[in-house]
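Okay, so here's the structure we're looking at.
The values are calculated or read from the model by the stated rules, or taken from the named source; none is laboratory data. All of these numbers come straight from a predicted model, not from anything done at the bench. For neighbour counting, all protein chains shown are included, and Cβ atoms are generated from backbone atoms with ideal geometry for every residue, glycine included. Please note that ligands, DNA and RNA were not included when accessible areas were found on the heavy atoms of the full protein model with its side chains. Shrake-Rupley method; radii C 1.70, N 1.55, O 1.52, S 1.80 Å.
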Amino acid sequence: MNNLSALWSASSVAVIGATERPGALGRKPVDYLIRYGYQGRILPVNPRSSQILGLPAYPSVREAPGPVDLALIMVAADRVPAAVDDCVAAGVPVAIIASSGFAETGAEGAALQAEVVARARAGGLRLVGPNCIGAVGFRHRVLATFSPLFMAESVPFEPGGLAVVSQSGALGFGVASLALERGLRPGWVVSTGNDADVTAIEVLRALAEEPECTGLLAYLETVPDVTALRELAASGKPVALLKSGRSAAGSRAAASHTGALATDDRVLDGALRQYGITRADDVDDLLDIGRAFSGPHRPRGGRIAVVTTSGGSGILAADAIAEQGLTLAPLSEETRRELDGIVPAFGSADNPIDITATVLSDPTLLDRSLDAVARDDTVDLIIGAFCVMAGPDVDKAVTAFGRVADAYGKPVLVARTGADFLAPDAPARLRAAGLPEFPSPARAVRAAAALATAVSGAGAAVPAVPAPDGAVHAVPAADATEPALKRLLAGAGLPVPDGTSVTTASDAVAAVTARGGVAVLKAVVPGLLHKTEAGGVAVGVTADRAAEVFARLAALGGTVLVEAQAPDGVEMIVGVRSTPLGNVLTVGAGGIFAEALDDVACRLLPLRAGDAESMIAELRGARLLDGVRGRPAADTPALVRVLEALSALTADWPAGFELDLNPVRVLADGALVLDAAYTLTKGDRA
């Protein structure tokens with residue numbers, strides 16, 4: 001048992017501030033515990049009452065018969081410190097502070113919150129809250145909450161495997177109520193409020209240890225700690241987070257292109273993707289994902305077979321699969337031949353497999369098609385899609401889908417597009433068969449993507465990609481110039497053009513001549529980050545123009561760098577900056593047009609095997625690397641090597657910097673870092 005499990009499995013619960021007064025918040029937890037059949041000891045605490053709702057009441061938790069596993073503090077904010085002291089004296093391991101009036105109210109409340117946390121930590125007491133609605137464990141009927149959800153005449157209390165954790169109590173219990181209404185069965189609901197001591201991520205990690213937990217759903221308002229994210233991802237339980245604050249995250253001012261593009265919200269998206277955690281778009285999406293997490297089976301990857309009675313549903317599913325970055329399973333030749341002998345000629349034996357409405361007259365079509373597909377090792381997950389089927393036909397479909405899921409251990413998600421009145425018992429039958437159900441193919445595919453993402457996160461503990469052989473790592477000086485940066489990058493195994501710094505016109509002519517008679521000249525001026533915009537870059541400079549160009553660039557106030565002219569290629573932006581989550585690597589399309597194109601992918605450092613490839617695959621502009629309009633394909637593996645070498649170099653750089661490699665030109669053979677800029681910023685790692 002972990003040290004937070006009392007929140008959902010306590011054998012004794014003290015309610016500090018309990019009252020019998022009708023309508024009072026302090027009455028609700030005692031009422032709920034009694035009404036819903038909690039089997040542990042209920043200990044109301046109120047110095048002015050000897051009995052509350054038929055139970056003995058106690059002046060303080062210290063005077064209640066111990067041990068007390070969990071305390072729910074429901075007194076005014078100014079009385080909370082004394083209540084915390086009492087809990088410490090009574091040896092209570094965990095307490096929930098439902099009271100408001102703390103950091104959410106301003107500086108004075110924040111000071112009071114800090115005092116309460118300090119007292120609790122000194123006494124070995126863990127605190128949830130303050131400013132939260134409490135916690136519920138359905139399996140043990142622990143209702144340490146005043147949520148109005150449980151005032152309803154009938155609340156389904158059959159425990160399930162989903163855990164709901166929310167920094168917003170009202171939203172968290174609202175999500176739980178919708179889950180119950182939609183036939184999902186949460187096993188745990190915990191609100192953490194201000195996260196003053198115990199955080200929402202910490203609660204999720206504790207719940208992941210519960211054997212009955214099949215999936216974790218959370219609503220967060222603050223960015224979690226990256227170490228906690230990694231540990232949560234490594235728990236093996238699928239996780240979906242609904243994180244608010246997308247619109248405000250992009251307002252950060254940044255000195256570099258990378259800083260402007262790698263907004264805090266994008267960084268969080270990248271981190272979640274990296275660790276196999278799905279970010280939900282809204283409450284409905286969160287619950288759809290929860291429905292998939294409730295199923296008993298997990299896929300090995302993201303290869304999907306669609307078996308449908310409707311060609312339109314199959315096409316919609318295929319579109320959604322592409323949009324979600326999944327793949328239609330290619331199906332083996334053996335499977336294709338088998339399906340050719342099963343599927344009607346006017347259907348489709350290719351994936352998506354359309355068995356047509358003929359299934360209504362020959363139900364064996366579905367069974368035989370599903371068996372053929374489920375046996376195929378190229379299939380990780382099956383989506384069964386049907387429309388406006390009714391009564392016995394739905395029953396037969398549910399039986400077929402459920403049998404195949406259990407027989408082959410592969411998830412089967414069902415897209416049933418049609419009104420409930422066509423088959424009123426279908427939702428209950430699908431739930432009983434362990435088949436997640438969705439009203440459209442797109443929603444089924446989105447949920448399937450969450451399952452596949454969770455599988456990808458199983459490697460959260462995979463070691464970082466190693467540095468190239470012979471790499472030498474260092475941190476740039478605060479005033480590092482482009483030539484100094486490129487020497488550092490070259491030492492770390494990153495490819496840079498052959499170049500030299502010059503201080504006279506004659507040296508410039510000689511340097512251009514030594515590099516084949518055509519070169520690039522750049523102004524090297526401290527503080528000049530965007531050289532192109534300032535007229536500080538000249539390309540295609542011949543030896544006879546070198547002196548003139550040198551004079552113009554030197555007039556900007558510094559020295560001049562002469563580099564070999566790079567061949568044509570695809571220009572990318574690559575960079576690293578420190579964030580509250582850690583150092584983050586960004587790659588994007590467009591070079592100097594990167595901000596206008598706004599096409600980037602982010603990952604926390606260090607990169608693991610496969611991270612660089614997945615970043616590149618996320619870019620809309622990735623197709624440019626494959627060669628378009630007659631251009632040769634670019635050397636994508638060389639770009640991967642750049643990203644991995646940069647990760648090894650910068651993963652441990654101290655906070656407060658931005659590094660731009662812009663552009664990195666990816667050639668037909670190899671890649672080159674054409675420009676580099678390093679900027680110190682305010683330290684921003686939490």
| remark: Restricting to Cα pairs under 8 Å and 6 or more apart, the percent relative contact order of the stretch 516-629 works out to 19 percent
| query | For Cα Rg over 2.2 N^0.38 Å, which listed value, [x] 1.05; [y] 1.16; [z] 1.00, comes from the coordinates shown? | reply | [y]
| task | Report, for the stretch 157-217, the % of DSSP beta bridges that are antiparallel, rounded to 5. | result | 0 percent
| Of all DSSP beta bridges located in the stretch 71-178, what percent are antiparallel, nearest 5? | 40 percent
| query | How high is the relative contact order of the chain, given as a whole-number percent (alpha carbon pairs under 8 Å, six or more residues apart)? | reply | 9 percent
| Hey, which of these cross-link pairs are over 25 Å Cα-Cα: LYS28/LYS237; LYS237/LYS396; LYS486/LYS522? | LYS28/LYS237; LYS237/LYS396
| field | Packing-based ranking, highest mean first, of 191-204, 664-677 given that Cβ atoms within 10 Å are counted | value | 191-204, 664-677
| note | Per DSSP, the loop-located trypsin sites (Lys or Arg not before Pro) within the stretch 39-124 having at most 16 other beta carbons within 10 Å are ARG48
| request: Describe numerically, in nm with one decimal, the distance between label points set 7 Å from Cα along Cα→Cβ at ALA118 and at ALA633. | output: 6.3 nm
| message | I need the phi-derived Karplus couplings for the stretch 665-673: 6.51 cos²θ - 1.76 cosθ + 1.60, θ = phi - 60°, integer Hz, Gly and Pro marked x. | response | 9, 9, 8, 5, 9, x, 8, 9, 7
| query | Dividing the convex hull volume of the Cα atoms of the stretch 153-201 by its residue count, what figure in Å³ per residue is obtained? | reply | 78 Å³
| message | Could you compute the longest span of the chain free of chymotrypsin sites (Phe, Trp or Tyr not before Pro) located in DSSP loops and having at most 15 other Cβ atoms within 10 Å, not counting the site residues? | response | 347-686
| request: Give me the angle, in degrees from 0 to 90, between the Cα long axis of helix 364-375 and the longest principal axis of the Cα atoms of the chain, rounded to the nearest 10. | output: 60 degrees
| query | Counting only residues 5 or more places away or on other chains, whose amide H sits under 5 Å from the amide H of LEU72 once H atoms are built in the peptide plane? | reply | ALA14, VAL15, ILE16, ILE96
| message | I need the peptides 528-534, 207-213, 65-71, 139-145 ranked by packing, meaning the mean over residues of other C-beta atoms within 10 angstrom, with the highest value on top. | response | 139-145, 65-71, 207-213, 528-534
| query | Applying 1/(1 + (r/R0)^6) with R0 = 60 Å to the Cβ-Cβ distance of PHE421 and VAL539, what FRET efficiency is obtained, to the nearest 0.05? | reply | 0.30
| message | Can you say what percent of the DSSP beta bridges in the chain, counting only those with both residues inside, are antiparallel? Round to 5. | response | 50 percent
| query | For the stretch 414-456, which whole-number percentage of the solvent-accessible area (1.4 Å probe, protein heavy atoms only) is attributable to carbon and sulfur atoms? | reply | 60 percent
| field | Ellipticity estimate at 222 nm from DSSP helix runs (n ≥ 4, -39,500 (n - 2.57)) divided over the chain, nearest 500 | value | -10000 deg cm²/dmol
| So how do 503-514, 313-324 stack up, highest first, on mean other-Cβ count within 10 Å? | 313-324, 503-514
